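Just below is one structure, and these are the notes that go with it.
The values are calculated or read from the model by the stated rules, or taken from the named source; none is laboratory data. Small disclaimer: the values here were computed from a predicted structure and weren't measured. Neighbour counts run over all protein chains shown; Cβ positions are idealised from the backbone, glycine included.
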Amino acid sequence: MAKLLIRGGTPLKGMVNISGAKNSALPIIVAACLADGESILENIPQDIDVYTISLILRELGAEIWFDEKKRLHVIPDGLERYQASYDLVRKMRASFYVTGLLLARLGKAEVPLPGGCALGSRPVDYHLKGFQSLGAKINIEHGFVKAEADELMGSKIYINRSSVGTTINLMLAASRAKGTTILENAAKEPEVVDLAIYLNSMGARIRGAGTDVIRIDGVDTLKGTEYGIIADRIEAGTFIVACGITNGELVLGNVVPEHLRSTILKCEEAGLEIEEGTNTLRVRSTGRPLSVDLETAPYPGFPTDLQQPFAAMMSIADGTSIIRETIFDRFRYVDELRRMGADIRVDRDTAIIRGVSELTGAQVEATDLRAGAALVLAALAAKGETEISGVELVDRGYEHLDVKLRQLGADIERIPDGEEDTFEEYLEGPLLESLSKMGR
Ligand code: UD1
């Protein structure tokens, strides 16, 4: 596994452009495969999850490549296989979106139960229940979900708990079903809205995305189109916190400030000064962060994906913070932060963080994507050198995080695993070629 070596203590300064949203890119690349003809997608981040979904879809028969302008081309016309490979799907939970795609496109799907970050139990029961409501027959055999439907039929579906993945998977399946589907208690995340806008631009008829009731009038065909996806609010939030934890001064470009409302408010409560432009944020931190209590919640609440980075900032705050995690089991980073001197006690879903005046560098391991980001931020603030292993997990969801931080003045070095470049281990064929054309 590759490592990052970070020598902390340098305030971050400068301008950073935020990449396209990973959690929009993944369903939108899958949705492109529902259409006839080519889609050209802009602002797609080059992170490992994007490559993984592209490889899965290529194995199923789609053509996918990046051009030299960094636009992703998707031609789904040859997508005829319905069995997704275990080796790829197990890497990432969002790969389960191919189930909705395959059911809608081929009427048949065999997809392994997905993997993803180690965040406790993350079942797909809501997805399966939804597919059944649309008329699919579902069996689980040898770790595979086998789903079949001669024709998907629109239906009224109540999603037990606001679930992003379920909302997306059912939107994908229902967009080409016969009749109308109503999703109640749907997720309201900006990535759900982005997917709906893209699907509608291809000819789908989806109303209400962004509210908790989404109506989907099924259509027979969708046509490929050009589309630019939204900015990554989680990457933006990570840089805001990076600014706070290092006492820095940053301008974030290519952001959608409205998508960051809860994050901005909590960071202001922690003492950061944040000025909003149309698609920029100017962030300044002038002293030790203040302690803040928070609870994660579905959008527009504080995102669970920023809980760990925010907790890293709270570990050096002036005072005690209480952080409650309501979505996932996401406290595995705590042991690693403790190695760096943090004073954190976890009681079931709540972390009680007593801010210390200083963290110290240590050898630590990224246990999941956002935990890895939290350790990177802690290391930027810590005294001395931190060695973070398991960096591939960070690469899953951040486009060149180390490169961007270095450009802002961070003392950060990547130690590749042997001779291999970490990205190249995951790539092959046209994706690798198009990437190397871009000089990576
Ligand atoms: C998505 C995001 C992830 C984010 C999460 C919550 C992507 C690729 N990932 O994950 O970054 O942290 O939303 O905002 O977009 N649940 C079930 N059964 C199901 C489905 C979900 O019990 O069938 C539970 C989950 O365990 C969790 C909650 O519902 O406790 C919400 O999960 P969900 O919104 O579905 O998360 P993901 O789509 O996996």
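Quick one: how many residues across segment 127-160 are within 16 Å of the ligand (Cβ to nearest atom) and either farther than 14 Å from T99 by Cα or free of Cβ contacts under 8 Å to residues at least 40 places away in the same chain (or both)?
Total satisfying the criteria: 11.
Can you tell me which residue among V164, V192, V124 is within 13 Å of the ligand (Cβ to nearest atom), at pLDDT below 95 and of a type in the set (A, V, I, L, M)?
The unique qualifying residue is V124.
Among the residues of segment 403-437, count how many are modelled with pLDDT of 90 or more and either out of contact with any strand residue (DSSP E or B) (no Cβ under 9 Å at 6 or more places or on another chain) or surrounded by 20 or more Cβ atoms within 10 Å (Cβ to Cβ) (or both).
5
Failed condition for G319, given (1) of a type in the set (G, A, S); (2) under 24 Å from A21 (Cα atoms); (3) more than 16 Å from the ligand (Cβ to nearest atom); (4) surrounded by fewer than 18 Cβ atoms within 10 Å (Cβ to Cβ), with all others met?
(2)
Among the residues in segment 166-183, are any within 15 Å of P300 (Cα to Cα) and without any contact (Cβ under 8 Å) to a residue 40 or more places away in the chain?
no
Within segment 127-157, which residues are in contact with a helix residue (DSSP H, G or I) (Cβ under 9 Å, 6 or more places away or on another chain), within 27 Å of F328 (Cβ to Cβ), modelled with pLDDT of 95 or more and of a type outside the set (A, V, I, L, M, F, W, C)?
Listed by number, the residues that qualify are H127, K129, G130, S133.
For G237, are the conditions met, namely being within 16 Å of the ligand (Cβ to nearest atom) and modelled with pLDDT of 95 or more?
yes
Would you please list the contacts, defined by Cβ atoms under 6 Å and residues six or more apart or on different chains, that run from a residue in segment 371-387 that is surrounded by 24 or more Cβ atoms within 10 Å (Cβ to Cβ) to a residue that is acidic (D, E)?
If the second residue must be acidic (D, E), the pairs left are L375/E336.
Sort out which residues of segment 79-97 are more than 13 Å from the ligand (Cβ to nearest atom), in contact with a Gly (Cβ under 9 Å, 6 or more places away or on another chain) and at pLDDT 95 or above, and write them in order of number.
L79, E80, R81, Y82
Quick check on segment 98-111. Is at least one of its residues crowded, with 23+ Cβ neighbours inside 10 Å and within 12 Å of the ligand (Cβ to nearest atom)?
The answer is yes, given that some residue of segment 98-111 is crowded, with 23+ Cβ neighbours inside 10 Å and within 12 Å of the ligand (Cβ to nearest atom).
Quick one: is D220 away from the ligand (no atom under 12 Å from the Cβ) and acidic (D, E)?
yes
Of the numbered conditions (1) more than 15 Å from the ligand (Cβ to nearest atom); (2) assigned to a strand (DSSP E or B), E295 fails exactly one; give the number of that condition.
Failed condition: (1).
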